[in-house]
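Peer 1: Submitted below is the structure of interest, expressed as structure tokens.
The values are calculated or read from the model by the stated rules, or taken from the named source; none is laboratory data. The model shown is predicted, which means the values in this text are computed figures rather than measured ones. In this analysis, Cβ positions are derived from the backbone assuming ideal geometry, glycine residues included, and neighbour counts consider all displayed protein chains.
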Amino acid sequence: MVESHTFKVSTERGDRLDKALTKLLPQASRSQLQRWIENGNVTVDGEVVKPRLKLKIGQVIQVTEPQPQKIDLAPEKIPLEIVYEDQDVVVVNKPQGMVVHPAAGHPNHTLVNALLYHCPLSTINGELRPGIVHRIDKDTSGLLMVAKNDQAHQSLATQLKVKTTAREYLALVHGVIKEGQGTINAPLGRSPKDRKRQAIVADGRPAVTHFRVVERYNKYTLVACRLETGRTHQIRVHMKSINHPLVGDPLYGPRKTITGQGQFLHARLLGFTHPITGKRITLTAPLPPIFRDLIVKLRRQSRIEASE
């Protein structure tokens, strides 16, 4: 049965539609509500509108929840590279190409399916994302912390919110960056031109990426990126915005790039405070072979060209 909701604007006058709905429908996430608006599941006075619409007194908002796709979440015996584990937390080194949790188009063979076979998970994030506190893209490799119980989940989620976790990524980007380091502070949201992409938009969510140069090669740079925020595609969009898109990135990179299995981006370092013991834990994961081998090749090419 399709569920629908009707609201008459009263105290929400002047609010943006998407922000007002987060108060009117607290059970739905902001990203979920924005997706409903963009897909035409939300109307104002019978008209399909934009998320940024400013509301007026007396307007009628109609929300029709889309029929959820039926996904049977089942444990699957898929190998996991476990970097750390105790009774509350497990940290895995996710391989490139693995989706974190089931969704439309990826109903199984995900990290969550593998984790369910391995251990119990928290229930806070619902049936399809048990244990998942934060995510990394399908074609991004590296460290991901997962909660085994709700107490651990609440603590880890709070640490992410107040920015006490440490997350560092290695990214190979196009071009030679002259500066030794820098900070990109630019709000991110769904691209108004292509809903599959994120973009820098004036009314987006705050996003801050700090980067420093690790190595320079001919035509490429290896950078370490530290996140203050964890927005979708944040590093990929931010680095493109300063004209240094990620190598191999099918969405934001140039057509002429080094092909691999997607963007060359690896979550190499993760630091957090243990939710029960209070001990600070810092973990690292080495580059996957395809990334490591490319770096070796670029170093060799750079030395050859420098000597000519």
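Peer 1: Going by what's in this entry, would LEU294 be described as within 19 Å of ASP139 (Cα to Cα), of a type outside the set (Gly, Ala, Ser), within 15 Å of the chain's Cα centre (by Cα) and buried (at least 16 other Cβ atoms within 10 Å of the Cβ)?
Peer 2: Working: within 19 Å of ASP139 (Cα to Cα): yes; of a type outside the set (Gly, Ala, Ser): yes; within 15 Å of the chain's Cα centre (by Cα): no; buried (at least 16 other Cβ atoms within 10 Å of the Cβ): yes.
In short, no.
Peer 1: Another question about this same structure. Name, by its number, the condition in (1) surrounded by 20 or more Cβ atoms within 10 Å (Cβ to Cβ); (2) within 25 Å of GLY278 (Cβ to Cβ) that does not hold for LYS94.
Peer 2: Failed condition: (2).
Peer 1: Failed condition for ASP88, given (1) assigned by TED's automatic domain parsing to the domain that holds ILE281; (2) without any contact (Cβ under 8 Å) to a residue 24 or more places away in the chain, with all others met?
Peer 2: (2)
Peer 1: Would you point out which residue out of ALA157, ALA114, ALA171 is over 28 Å from THR259 (Cβ atoms) and in contact (Cβ under 8 Å) with a residue 24 or more places away in the chain?
Peer 2: ALA157
Peer 1: Name every residue in the range 231-274 that is β-branched (Val, Ile, Thr) and crowded, with 20+ Cβ neighbours inside 10 Å, in order of residue number. Steps first, please.
Peer 2: Looking only at the range 231-274, we keep the residues that are β-branched (Val, Ile, Thr), and these are 232, 235, 237, 242, 247, 257-259, 273.
Scanning the range 231-274 gives ILE235, VAL237, VAL247.
Peer 1: Pairs only if they're at least six apart or on different chains, beta carbon under 6 angstrom, first in the range 22-43 and more than 20 Å from GLN198 (Cα to Cα), second part of a helix (DSSP H, G or I); list them, first residue then second.
Peer 2: That search, which allows pairs on different chains as well, returns THR22/ARG30; VAL42/TRP36.
Peer 1: While we're here: Determine whether VAL112 is of a type in the set (A, V, I, L, M) and closer than 30 Å to VAL214 by Cα.
Peer 2: Working: of a type in the set (A, V, I, L, M): yes; closer than 30 Å to VAL214 by Cα: no.
Criteria not met by VAL112.
Peer 1: Something else: Out of (1) crowded, with 17+ Cβ neighbours inside 10 Å; (2) modelled with pLDDT of 95 or more, the odd one out for ARG190 is which?
Peer 2: (2)
Peer 1: State whether the residues of the range 23-45 include one that is surrounded by fewer than 11 Cβ atoms within 10 Å (Cβ to Cβ), at pLDDT 85 or above and outside the structural domain of LEU143 (by TED's automatic domain parsing).
Peer 2: no
Peer 1: While we're here: For the range 205-226, what are the residues that are farther than 30 Å from GLN301 by Cβ and surrounded by fewer than 14 Cβ atoms within 10 Å (Cβ to Cβ)? Can you show your working first?
Peer 2: Our first condition is that a residue be farther than 30 Å from GLN301 by Cβ; within the range 205-226, this holds for 205-208.
Residue satisfying the conditions is PRO206 alone.
Peer 1: Determine, yes or no, whether GLY58 is farther than 18 Å from LYS148 by Cα, loosely packed, with under 12 Cβ neighbours inside 10 Å and modelled with pLDDT of 90 or more. Break it down into steps so the answer makes sense when it comes.
Peer 2: Numbers: farther than 18 Å from LYS148 by Cα: yes; loosely packed, with under 12 Cβ neighbours inside 10 Å: yes; modelled with pLDDT of 90 or more: yes.
Here the answer is yes, as GLY58 does meet what is asked.
Peer 1: While we're looking at this one, here's another question. Going through the range 87-101 one residue at a time, which ones are within 20 Å of ALA157 (Cβ to Cβ) and in a loop (DSSP other than H, G, I, E, B)?
Peer 2: Residues of the range 87-101 that are within 20 Å of ALA157 (Cβ to Cβ), as a first pass: 87-92, 94, 100-101.
GLN87, ASP88, VAL100, HIS101 - these are the residues of the range 87-101 that are within 20 Å of ALA157 (Cβ to Cβ) and in a loop (DSSP other than H, G, I, E, B).
Peer 1: What's the number of the condition ASN108 fails, among (1) part of a loop (DSSP other than H, G, I, E, B); (2) touching a Ser or Thr at 6+ places or on another chain (Cβ under 8 Å)?
Peer 2: Checking ASN108 against (1) part of a loop (DSSP other than H, G, I, E, B); (2) touching a Ser or Thr at 6+ places or on another chain (Cβ under 8 Å), the one that fails is (2).
Peer 1: Given the conditions (1) modelled with pLDDT of 95 or more; (2) farther than 30 Å from LEU80 by Cβ; (3) surrounded by fewer than 14 Cβ atoms within 10 Å (Cβ to Cβ), and given that ALA202 satisfies all but one, which numbered condition is not satisfied?
Peer 2: (1)
Peer 1: Moving on to the next point. Can you tell me which residues in the range 134-173 are touching an Asp or Glu at 6+ places or on another chain (Cβ under 8 Å) and part of a strand (DSSP E or B)? Spell out the reasoning first.
Peer 2: Let us first name the residues in the range 134-173 that are touching an Asp or Glu at 6+ places or on another chain (Cβ under 8 Å), namely 147-149, 151-152, 163.
Hit for the range 134-173 is ALA147, nothing else.
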